[in-house]
Amino acid sequence: MPAFDHNYVEDLIDRLGSIPAGAKPAWGALDRDRLIAHLITTVRYSMGRLGTMPDRGNWFTKRVLAPLIVNGIIPIKKNVKVPGATPRATGRDDLETLHALLEEYLQLVQADELTPPPHPFFGDLGVDGWAKMHLAHFKHHLKQFRA
């Protein structure tokens, strides 16, 4: 699993930027702009900027599934629905916004100033767990768009 660092962010932004605006995903109904909005929302949530989502997890999702997904042992399942996780794209939710947000996220982590909320299904992941979760999540969507 790669490190979630500035080099990874640059590679991620390049790969997302290579997705044509009208690209059809391998699965699901997201288009490129909604994907970027979705990633922005997820990162903002993990930064504690969107409040907390209700706890929808259980023993299995928190103790079995979370470690398997977060550690890259199994991939995120295709077409998983998380209520509120895929907003409509707006003109403000673009690649530059995502890039700036990811850089800010990394700065907060480096300054030890990030206290992430619990994941709605996997519970308290902490900073390191959220970093791994983001990597798994980004990988899932890059694969979805063959980027």
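The values are calculated or read from the model by the stated rules, or taken from the named source; none is laboratory data. Computed from a prediction, not measured in an experiment: that's the story for all the values here. Heads up, the Cβs are rebuilt from the backbone with ideal geometry, glycines too, and the neighbour counts pull from every protein chain shown. The accessibility values were calculated without ligands, DNA or RNA, using every heavy atom of the protein model including side chains. Shrake-Rupley method; radii C 1.70, N 1.55, O 1.52, S 1.80 Å.
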> Can you give the charge dipole size of the chain about its Cα centre, rounded to the nearest 20 debye, using +1 on the beta carbon of Lys and Arg and -1 on the beta carbon of Asp and Glu?
Replying inline: 960 debye
> Can you give the accessible area of Met1, probe radius 1.4 Å, in Å² rounded to 10?
Replying inline: 130 Å²
> For region 130-147, what does the Karplus curve 6.51 cos²θ - 1.76 cosθ + 1.60, with θ = phi - 60°, yield as ³J(HN,Hα) per residue in whole Hz, taken in order and with x for Gly and Pro?
Replying inline: 5, 4, 5, 5, 4, 4, 5, 5, 4, 4, 4, 6, 4, 5, 4, 9, 6, 9
>> Quick check on packing: order 118-126, 26-34 by the mean number of other C-beta atoms within 10 Å, highest mean leading.
In response: 118-126, 26-34
>> With only alpha-carbon pairs counted, each pair once and no self-pairs, how large is the Kirkwood hydrodynamic radius of region 17-147 in angstroms?
In response: 15.3 Å
> Using a 1.4 Å probe on the protein chains only, how many percent of the accessible area of the chain belongs to carbon and sulfur?
Replying inline: 53 percent
> What value, in deg cm²/dmol to 500, does the helix sum -39500 (n - 2.57) over DSSP H runs of n ≥ 4 give at 222 nm once divided by the residues of the chain?
Replying inline: -14500 deg cm²/dmol
